[in-house]
Amino acid sequence: MLDDMKILAARDSEGTLTSTATQHEQTTLQVEVREPDYDGRPITNIIVAGMGGSALAGQLAKTWLDSELTIPFEVVRSYKLPNYVNDSTLVIASSCSGNTEETLSCLQEARARNAQVAVISGGSKLGEFAKENHITHIDLPTELKIQPRMLTIAQLRALTALLAHFQIIKFDRFGEIADAHDWLATETANWKAEITIDKNYAKQLALLAVGKTPVFYGGELTSSAAYKWKISWNENAKNVAFWNQYPEANHNEFIGWTSHPVEKPFAIFDLVSQKESPQILKRFAVTDRLLSGKRPKATTIEIKGDTLLKQLLWANILADFTSIYVGILNNVDPGPVPLITKLKVELASSED
């Protein structure tokens, strides 16, 4: 089925496979920091307020830039900001749609607390508010017309530009994203629809997981990648999925696998970077050995790339390809998420 181009086209009404095949182009996205005035106040902590893929971009940035960041960096996925937010906090409100109510709420609260604020948006309420109030902002390209979850790399590029603008990081980090373009293009070409199963790693992984509930495990460097695989599975495959990270998983979930037989309807995936500490790498192997006979054997996904950034972007794109193929095997359309749209409409109407 996955090698039948007619079936792929018929079940993928929004062309998500085509969109995913061009995600590497987002690494060179031209971004402009608008209303760039920065009053020079000291910034002692950073918050990225966003949901879904917007929050993911923040988490990717936090992981990737950890060695350079000298102040706390938190991702908030909620309506409210932490109590410590004040005039020395930089709050970046990020939403592809521009209508995410949780993000709009955080922006209003940040302004009320006189925080330094900035916005990343695809327009609508958030973008309009930024323009009307002369807030530093970056407009995401609306002409791409793809699902927000597939704009994570564009959001990461915008976020990096803002962090450089506010002198949190060096601007060469922005260029580092663009430097990954050619390598990512070569790698992801191997996962396109026209590449057959015998040569297509994404299709092979999809066939391992179809009909099962996947659980994705990451380490300290790949936890954001594991989360990405979980949300891609939820939205593209319309398939419930879970994620966790080491070492935390060994302190609770590890025991949760022990009370039932191995014939559980799960597929276990370990997202492994050789840049992890030796002790984290050891945990992947020892956990799988000790849980032998208690859960399905883990499939190890060795994340490629000679830098951490390349690895995170590689895993990000592979997650979308693989989960889209699972969606097609599930006989669902990978693109639309009508239930989320309905939820937002009902939440908005309940405010009346």
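Just checking, does the stretch 33-48 include any residue being buried (at least 20 other Cβ atoms within 10 Å of the Cβ), assigned to a strand (DSSP E or B), touching a residue at least 12 places away in the same chain (Cβ under 8 Å) and in contact with a Leu (Cβ under 6 Å, 6 or more places away or on another chain)?
The initial filter retains those residues of the stretch 33-48 that are buried (at least 20 other Cβ atoms within 10 Å of the Cβ), namely 46-48.
Those still in the list that are assigned to a strand (DSSP E or B) too: 46-48.
After this cut, where a residue has to be touching a residue at least 12 places away in the same chain (Cβ under 8 Å) as well, the list is 46-48.
With the extra rule that they be in contact with a Leu (Cβ under 6 Å, 6 or more places away or on another chain), the set shrinks to 46.
There is at least one residue in the stretch 33-48 that is buried (at least 20 other Cβ atoms within 10 Å of the Cβ), assigned to a strand (DSSP E or B), touching a residue at least 12 places away in the same chain (Cβ under 8 Å) and in contact with a Leu (Cβ under 6 Å, 6 or more places away or on another chain).
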Checking the structure you have, find out if any residue of the stretch 157-178 is crowded, with 22+ Cβ neighbours inside 10 Å and either at positive phi or of a type in the set (K, R) (or both). yes
Residue within the stretch 137-153 that is buried (at least 23 other Cβ atoms within 10 Å of the Cβ) and over 22 Å from K228 (Cα atoms) present: yes
What are the residue pairs meeting all of these: first residue in the stretch 1-29, first residue under 15 Å from Q155 (Cα atoms), second residue outside any helix (DSSP H, G or I), Cβ atoms under 6 Å, and 6 or more apart or on different chains? T27/A180
Any residue in the stretch 98-113 that is in the same structural domain as N45 (by TED's automatic domain parsing), in contact with an Asp or Glu (Cβ under 6 Å, 6 or more places away or on another chain), of a type outside the set (D, E) and over 15 Å from A57 (Cβ atoms)? no
Working carefully through the options A93, A110, find the one that is in contact (Cβ under 8 Å) with a residue 12 or more places away in the chain and either assigned to a helix (DSSP H, G or I) or surrounded by fewer than 22 Cβ atoms within 10 Å (Cβ to Cβ) (or both). A110
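How many residues are assigned to a loop (DSSP other than H, G, I, E, B) and closer than 13 Å to V33 by Cβ when one looks only at the stretch 124-133? Lay out the reasoning, then the answer.
Initial filter on the stretch 124-133 (assigned to a loop (DSSP other than H, G, I, E, B)): 133.
Now narrow it down to the ones that are closer than 13 Å to V33 by Cβ: none.
Going through the stretch 124-133 one residue at a time, the tally reaches 0.
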Any chance the stretch 115-123 includes a residue that's out of contact with any His (no Cβ under 8 Å at 6 or more places or on another chain), of a type outside the set (D, E) and not in a loop (DSSP other than H, G, I, E, B)? yes
Can you tell me which residue within the stretch 63-77, out of those that are buried (at least 17 other Cβ atoms within 10 Å of the Cβ) and in contact (Cβ under 8 Å) with a residue 60 or more places away in the chain, is farthest from K275 (Cα to Cα)? L65
Can you find a residue in the stretch 332-348 that is surrounded by 19 or more Cβ atoms within 10 Å (Cβ to Cβ), in contact with a strand residue (DSSP E or B) (Cβ under 8 Å, 6 or more places away or on another chain) and within 25 Å of L60 (Cα to Cα)? no
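Going through the stretch 11-29 one residue at a time, which ones are hydrophobic (A, V, I, L, M, F, W, C) and at pLDDT below 95?
The first filter runs over the stretch 11-29 and keeps only residues hydrophobic (A, V, I, L, M, F, W, C), leaving 17, 21, 29.
Hit for the stretch 11-29 is L29, nothing else.
Yes/no matrix, rows are residues, columns are (1) touching a residue at least 40 places away in the same chain (Cβ under 8 Å); (2) touching a strand residue (DSSP E or B) at 6+ places or on another chain (Cβ under 6 Å); (3) among the β-branched types (V, I, T); (4) surrounded by fewer than 21 Cβ atoms within 10 Å (Cβ to Cβ):
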| residue | (1), (2), (3), (4) |
| --- | --- |
| S224 | yes, no, no, no |
| E235 | yes, no, no, no |
| N250 | no, no, no, yes |
| S259 | no, no, no, yes |
| G305 | yes, no, no, yes |
| Y325 | yes, no, no, no |
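The values are calculated or read from the model by the stated rules, or taken from the named source; none is laboratory data. The shown structure was predicted, so the numbers you read here are calculated from the model rather than taken from an experiment. For neighbour counting, all protein chains shown are included, and Cβ atoms are generated from backbone atoms with ideal geometry for every residue, glycine included.
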